[in-house]
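> To start, I am sharing the structure in question, which I have written as structure tokens.
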């Protein structure tokens with residue numbers, strides 16, 4: 001089995017992994033790099049020939065760094081099969097609206113997309129593929145791929161400790177590709193959730209809370225214990241997530257229902273509310289948060305980012321100029337969680353994605369089987 005690291009290795013963004021065996025070629029995820037918008041590096045490092053040779057693309061979830069280059073692949077000549085869960089297919093529509101060109105968006109809308117089964121084995125050429133719930137958002141999965149001699153696990157984005165979304169254990173494999181987004185950060189979810197609550201409580205005049213439409217939005221709604229306000233589209237997004245029973249932890253639907261019952265709806269043009277205003281997207285590049293963050297920045301209204309804020313985004317500029325706070329809520333694995341997944345998988349080799357080289361090296365010092373030298377453009381036989 002040969003791996004081609006097309007994006008997201010030694011860098012954050014444009015996550016994209018090629019897997020080849022017996023002449024059959026799979027692409028796992030096709031994301032964009034928001035910090036490189038307007039350049040070639042916005043898209044994965046695939047040539048037209050690479051794309052034309054692909055048999056299948058499998059998408060693990062609907063965030064822009066994993067799906068927003070799908071239409072670009074179609075524009076570059078991909079004519080194979082596309083697979084994702086039904087929930088990911090639904091959410092990808094919103095993501096592509098914000099991060100794909102109109103032509104790329106139209107190409108995905110016109111493409112046939114097959115539903116990726118969860119837990120049931122799927123045969124793709126020489127591969128037996130199994131998807132499991134990854135805990136990152138409704139519809140998000142990890143994947144295992146096995147050919148005649150090798151077993152590989154690919155973690156798109158995983159959240160073992162999410163208070164909202166369920167996670168399935170990864171079975172034993174030979175090689176595992178880990179979500180290394182947080183490097184050696186080992187602060188647990190509960191501690192960061194408490195810090196988020198304390199930050200919001202310290203700003204009773206209200207707080208803008210930019211977040212992806214799905215995933216972290218539900219986790220924020222679940223942990224916030226002060227008045228909640230919802231930007232346009234967020235009530236619907238939270239209601240959809242609440243109703244995805246197969247993807248949720250037991251009992252959490254009732255919590256989300258109560259938060260929705262008491263939350264106020266906020267509309268563009270109104271004064272920013274004296275509440276925690278949950279708004280999409282998480283960087284201020286698209287959706288209602290684009291206007292909300294501009295207004296908050298201009299007026300000095302408190303703003304708290306709780307996820308990745310890529311260079312060059314409105315969120316990064318606000319944090320750098322101290323017009324916003326930043327507390328990273330663990331919507332990716334901590335070091336301890338990656339260590340536990342690696343141990344449970346029995347993998348003899350680990351590769352990390354979504355992490356810069358320096359952070360990956362620090363992580364590798366704690367996980368001896370993790371290879372810190374691999375970067376986008378490399379090819380690896382496993």
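> Hey, which of the helices (runs of 4 or more DSSP H) in the stretch 277-382, taking only ones fully inside, have at least 3 residues that are under 24 Å from residue 42 (Cα atoms) and more than 18 Å from the chain's Cα centre (by Cα)?
288-299, 314-320, 357-366
> Would you check which residues across the stretch 22-50 are surrounded by fewer than 20 Cβ atoms within 10 Å (Cβ to Cβ) and either out of contact with any helix residue (DSSP H, G or I) (no Cβ under 9 Å at 6 or more places or on another chain) or not assigned by TED's automatic domain parsing to the domain that holds residue 129 (or both) and list them?
Answer for the stretch 22-50, where residues must be surrounded by fewer than 20 Cβ atoms within 10 Å (Cβ to Cβ) and either out of contact with any helix residue (DSSP H, G or I) (no Cβ under 9 Å at 6 or more places or on another chain) or not assigned by TED's automatic domain parsing to the domain that holds residue 129 (or both): 22, 23, 24, 38, 39, 40, 45, 47, 48, 49, 50.
> Kindly indicate which of 232, 250 is modelled with pLDDT of 95 or more, part of a loop (DSSP other than H, G, I, E, B), over 30 Å from residue 360 (Cα atoms) and touching a helix residue (DSSP H, G or I) at 6+ places or on another chain (Cβ under 9 Å).
Just a single option satisfies the conditions, and that option is 232.
> If only one of 336, 369, 321, 376 is more than 30 Å from residue 198 (Cα to Cα) and surrounded by fewer than 18 Cβ atoms within 10 Å (Cβ to Cβ), which one is it?
The match here is 369.
> Which strands (runs of 3 or more DSSP E) sit wholly inside the stretch 99-150 and have at least 2 residues that are under 18 Å from residue 61 (Cα atoms) and not assigned by TED's automatic domain parsing to the domain that holds residue 164?
Because the criterion is at least 2 residues that are under 18 Å from residue 61 (Cα atoms) and not assigned by TED's automatic domain parsing to the domain that holds residue 164, no strands (runs of 3 or more DSSP E) in the stretch 99-150 meet it.
> So which residues in the stretch 93-121 are more than 28 Å from residue 42 (Cβ to Cβ), touching a residue at least 24 places away in the same chain (Cβ under 8 Å) and in contact with a strand residue (DSSP E or B) (Cβ under 6 Å, 6 or more places away or on another chain), if there are any at all?
Residue satisfying the conditions is 118 alone.
The values are calculated or read from the model by the stated rules, or taken from the named source; none is laboratory data. Values in this document were obtained by computation on a predicted structure and should not be read as measured data. Backbone-built Cβ (ideal geometry, glycine too); neighbour counts: all protein chains shown.
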